[in-house]
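Below: the structure, in structure tokens.
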Amino acid sequence: MLKVDRLVTGYRGKEGFVRAVDGVSFDIEKGETVCIVGESGSGKSVTSMSVMRLVEFENGEIVSGSIEYMGEELTTKSNEEMRKLRGAEISMIFQEPLTALNPVFTVGQQIVEAIRYHQPLSKKQAMDRAEELLTMVGLSEPKTRLKQYPHELSGGMRQRVMIAIALASKPKLLIADEPTTALDVTIEAQILELLRKLRDEEEMSIMLITHDIGVAAELSHRIIIMYAGKVMEIAKTEDLFDQPHHPYTKGLLESIPKMSGARGELLPTIEGTIPGLNQMPEGCRFAPRCPLATKKCHEEEPPLERKCSRQVACWHVEEFLASQREASERKEDPVEST
Ligand SMILES: Nc1ncnc2c1ncn2[C@@H]1O[C@H](COP(=O)(O)OP(=O)(O)O)[C@@H](O)[C@H]1O
Ligand code: SF4
Ligand SMILES: [Mg+2]
């Protein structure tokens, strides 16, 4: 359904041209939910904004590579063609629904507008459909909600309204960029539950972007791990959790809060920070933070390669897996290993 191939997207700034997404390849199948996971600044949003061809409106530029949607190349489409595709075929929901909703129109007016933009329905028919959509996204008293303004709703309700607007045209691909990051934990769980329901009941592919690998675990069939504008690993969700093949993936997995852990327990995090766009290291971009980094890692960039049913970009996958096996053996048999 969606095939992104060696995508390079960058921005022209004071210090010259920088690449926020640097040779990213992945695909999404029909009906599949794929999560893009990585720390803040990894290029997740730039990737999704490239697919929507929205980077151009933020002084960004798709430099090379291709984005194929249902066999059609998106990078060369005109603005007019993209406008038709956005909303109709591909919809997007964002982190902060308040900024995406118009404060001076009621919820009903905004949903009706979205519906009528794509479907030739009368106002009355569109209003009925709007009510149906609000019910579908789990809002109580939909008739009342339709008459309310965005500021009269809670954050969680507003996100449900945004999802209703995104679903108005029955999109084939829904892109959700950190849709629960601004919400508290209880509401987050409810919105994730809603997305799961939509995933299972609607014939829709979902591209979910999150910095939280725990959120990805809840929903995705496959996970794409991004770091500093590159793809580090792509695997089926259960395979990734069962055995990460990239040191960065392991770091992300270890940063998940463990529910059973003692309160206030310090969680392991990956030391160091993600490099800035104009100070990308040579070789593997994760090398400055990687405990396994060798001279080769600092000098040559590892390509994204197929390993069994997954893809991974690391020079030392075998050594990494061996070190993990040793660590787990030590854990199982602490006496033997001393
Ligand atoms: N409009 C822009 N102009 C310049 N740089 C940008 C712009 N948007 C994003 N970037 C840079 O691109 C990099 C990736 O950003 P982003 O995709 O938003 O990361 P993520 O969504 O993974 O947190 C960051 O270093 C960010 O500063
Ligand atoms: S290539 Fe080297 S530095 Fe990069 S993740 Fe693999 S071991 Fe670490
Ligand atoms: Mg982002």
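Cα axis of helix 317-332 to longest principal axis of the chain: angle in degrees, 0 to 90, nearest 10?
Its long axis makes an angle of about 80 degrees.
How far apart, in nm, are two points set 7 Å out from the Cα along the Cα-to-Cβ line at GLU193 and at ARG6?
So the two model labels end up 4.7 nm from each other.
With unit charges on the beta carbon (Lys/Arg positive, Asp/Glu negative), name the residue among GLN109, ALA126, GLY155 whose Cα is farthest towards the positive pole of the charge dipole of the stretch 96-170.
Checked the options; the winner is ALA126.
Count neighbours as other Cβ atoms within 10 Å of each site's Cβ, and list the trypsin sites (Lys or Arg not before Pro) in the stretch 158-266 that are DSSP loop with at most 13 such neighbours.
LYS258, ARG263
Do any GluC sites (Glu not before Pro) in the stretch 29-94 lie in a DSSP loop with no more than 15 other beta carbon atoms within 10 Å, and if so, which?
GLU29
List the GluC sites (Glu not before Pro) in the stretch 107-212 that DSSP assigns to loop (not H, G, I, E or B) and whose Cβ has at most 16 other Cβ atoms within 10 Å. Which are they?
Here the sparse-neighbourhood loop sites are GLU202, GLU203.
So if we plug the beta-carbon distance of THR273 and ASN102 into 1/(1 + (r/R0)^6) with R0 = 25 Å, what FRET efficiency do we get, rounded to 0.05?
Between THR273 and ASN102 the formula returns 0.10.
Go through the stretch 175-181 residue by residue and turn each phi into a ³J(HN,Hα) via Karplus (6.51, -1.76, 1.60, θ = phi - 60°); whole Hz please, and just put x for glycine and proline.
My calculation for the stretch 175-181 gives 9, 10, 9, 6, x, 10, 4 Hz in order.
Between their Cα atoms, which of LYS14/LYS44; LYS77/LYS296; LYS44/LYS84; LYS44/LYS147 are more than 32 Å away from each other?
Check vs 32 Å cut-off fails for LYS77/LYS296; LYS44/LYS147.
So what's the projected area for the stretch 1-140, the Cα convex hull averaged over all directions, in nm²?
10.7
Could you state the angle between the C-alpha long axis of helix 123-136 and the longest principal axis of the C-alpha atoms of the chain, as a value from 0 to 90 degrees rounded to the nearest 10?
40
Explain nothing, just the number: dipole magnitude of the stretch 96-170 about its Cα centre with +1 on each Lys and Arg Cβ and -1 on each Asp and Glu Cβ, in debye rounded to the nearest 20.
Charge dipole of the stretch 96-170: 180 debye, to the nearest 20.
Label LYS14 and GLU238 with points 7 Å out from Cα along Cα→Cβ: what is the distance between them in nm?
5.2
Calculate, in whole percent, how much of the Cα-Cα pair population of the stretch 201-330 lies beyond 17 Å.
62
P(r) of the stretch 96-170 in 5 Å steps, Cα pairs, percent per bin?
3, 20, 33, 27, 14, 3, 0
May I ask you to derive the FRET efficiency for THR186 and GLU132 from their Cβ-Cβ distance with R0 = 30 Å, giving the value to the nearest 0.05?
It comes to 0.70.
Give me log10 I(q)/I(0) at q = 0.12 Å⁻¹ for the stretch 12-79, Debye formula, one equal scatterer per alpha-carbon, no solvent.
Log10 I(q)/I(0), no solvent term: -0.35.
Where the only charges are on Cβ atoms (+1 Lys, Arg; -1 Asp, Glu), what is the dipole of the chain about its Cα centre, to the nearest 20 debye?
1020
Expressed in whole Å with the largest first, what are the equivalent ellipsoid semi-axes of the chain derived from the C-alpha gyration tensor as the square root of 5 times each eigenvalue?
Output for the chain: semi-axes of 38, 24, 17 Å.
Heavy atoms only, probe 1.4 angstrom, no DNA, RNA or ligands counted: give me CYS308, CYS35 ranked by accessible area, highest first.
CYS308, CYS35
With the other protein chains left in place, how much accessible area per residue, in square angstrom, belongs to the stretch 96-170 at a 1.4 angstrom probe?
52
Ignoring ligands, DNA and RNA, please state the percent of accessible area on the chain from carbon and sulfur, probe 1.4 Å.
About 51 percent, which is the carbon plus sulfur part of the accessible surface.
Could you pull out which residues in the stretch 158-192 have an amide N less than 12 Å from a spot 7 Å beyond the Cα of GLU58, following the Cα-Cβ vector?
177-178
On a 0 to 90 degree scale, rounded to 10, what angle separates helix 155-167 from the longest Cα axis of the chain?
That works out to roughly 80 degrees.
I'd like the accessible area for ILE93: 1.4 Å probe, protein heavy atoms, all chains in place, Å² to the nearest 10.
About 0 Å², rounded to the nearest 10.
Leaving out same-chain residues fewer than 8 places away, which aspartates and glutamates sit with a Cα under 13 Å from that of LYS143?
ASP128, GLU131, GLU132
The values are calculated or read from the model by the stated rules, or taken from the named source; none is laboratory data. Worth saying up front: this structure is predicted, and the values here are computed from it rather than measured. Because the Cβ atoms are built from the backbone with ideal geometry, glycine has one as well, and the counts that use them run over all protein chains shown. When the accessible area is computed, the model is the full protein with side chains, heavy atoms only, and any ligands, DNA or RNA have been set aside. Shrake-Rupley method; radii C 1.70, N 1.55, O 1.52, S 1.80 Å.
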